[in-house]
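Worksheet: one structure, shown below.
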Amino acid sequence: MFIGEYTHTIDTKGRLSMPARFREELGESFIATKGLDQSLFVYPMNEWKALESKLKQLPLTNQNARAFVRFFFSGATECELDNQGRIRLPANLRDHAKLEKEVMVIGVGTRVEIWSQPIWQEYNSDENLSYDEIASKMQELGI
C-alpha cells in the first residue's frame with residue numbers, strides 16, 4: 001500500500017526521483033496517466049490492469065464514460081525507473097499537472113499521485129478543505 005507525502009524536484013529533462021518506499025511496490029514498469037484535480041496518477045501494473053478491466057466494461061453508448069476513458073487512456077504512458085530511481089514524465093503529463101520544479105509525491109493506497117507543490121498546498125489549504133464536511137460525506141458513503 002502506498003502511503004505518505006514526499007517533496008521532490010523535477011529536473012529540466014522531466015525526470016522525477018520516486019520515493020524509495022514506493023519503488024519496490026511499483027515494480028519494473030508501471031503506468032503514469034492524467035489524474036483528477038490537476039494531478040498525475042501512477043499505478044503498478046496489477047492495479048492498472050484491474051482498472052483497465054473496469055473501464056472496458058463501461059458502456060460505449062454513455063457519453064461521460066467515453067469522455068472519461070479517453071481522458072484516462074490518452075494520457076497514459078508506461079514508465080520505468082532508471083538506475084537512480086527516476087522516471088521521465090512526458091511533456092503532456094507535466095503540462096496537465098503543471099509540474100515545474102517542486103513536486104509532491106503522495107501515496108494514496110493503491111496508487112501514487114504526483115502534484116505540483118503549489119497546487120497541492122492550495123488543495124490542502126484550510127479554505128479548500130472542510131474536515132467536518134469531508135467526514136460527513138464519508139459517513140454518507142458508509143465509512
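The values are calculated or read from the model by the stated rules, or taken from the named source; none is laboratory data. Worth saying up front: this structure is predicted, and the values here are computed from it rather than measured. Positions of Cβ are backbone-derived with ideal geometry, glycine not excepted, and every protein chain shown enters the neighbour counts. Quick note on the areas: whole protein, heavy atoms, side chains included, nothing else; ligands and nucleic acids left out. Shrake-Rupley method; radii C 1.70, N 1.55, O 1.52, S 1.80 Å.
Using the Cα coordinates of the chain, the gyration tensor eigenvalues translate into equivalent-ellipsoid semi-axes of 24, 21, 16 Å, sorted from longest to shortest.
Per residue, the chain exposes 63 Å² of accessible surface when a 1.4 Å probe is rolled over the protein heavy atoms with every protein chain present.
Taking trypsin sites (Lys or Arg not before Pro) across the stretch 47-98, the ones in a DSSP loop with at most 15 further Cβ atoms lying within 10 angstrom of their Cβ are LYS98.
What part of the accessible area of the chain, given as a whole %, is carbon or sulfur when the probe is 1.4 angstrom? Roughly 48 percent of what the probe reaches on the chain is carbon or sulfur. With a 1.4 Å probe rolled over the protein heavy atoms of all chains, the accessible area of MET45, MET104 falls in the order MET45, MET104, largest first.
For the set ASP11, ASP95, solvent exposure ranked by accessible area (probe 1.4 Å, protein chains only) runs largest to smallest as ASP95, ASP11. Among the GluC sites (Glu not before Pro) found in the stretch 10-45, those both in a DSSP coil and sparsely packed, with 11 or fewer other Cβ atoms within 10 Å of their Cβ, are GLU28. When nucleic acids and ligands are ignored and a 1.4 Å probe is applied, THR61 ends up with an accessible area of around 130 Å². A DSSP coil position with no more than 11 other Cβ atoms inside 10 Å describes none of the chymotrypsin sites (Phe, Trp or Tyr not before Pro) in the stretch 53-130.
Taking each residue as 0.36 nm, the span from MET1 to SER74 lengthens on full extension beyond its C-alpha to C-alpha distance by 23.7 nm.
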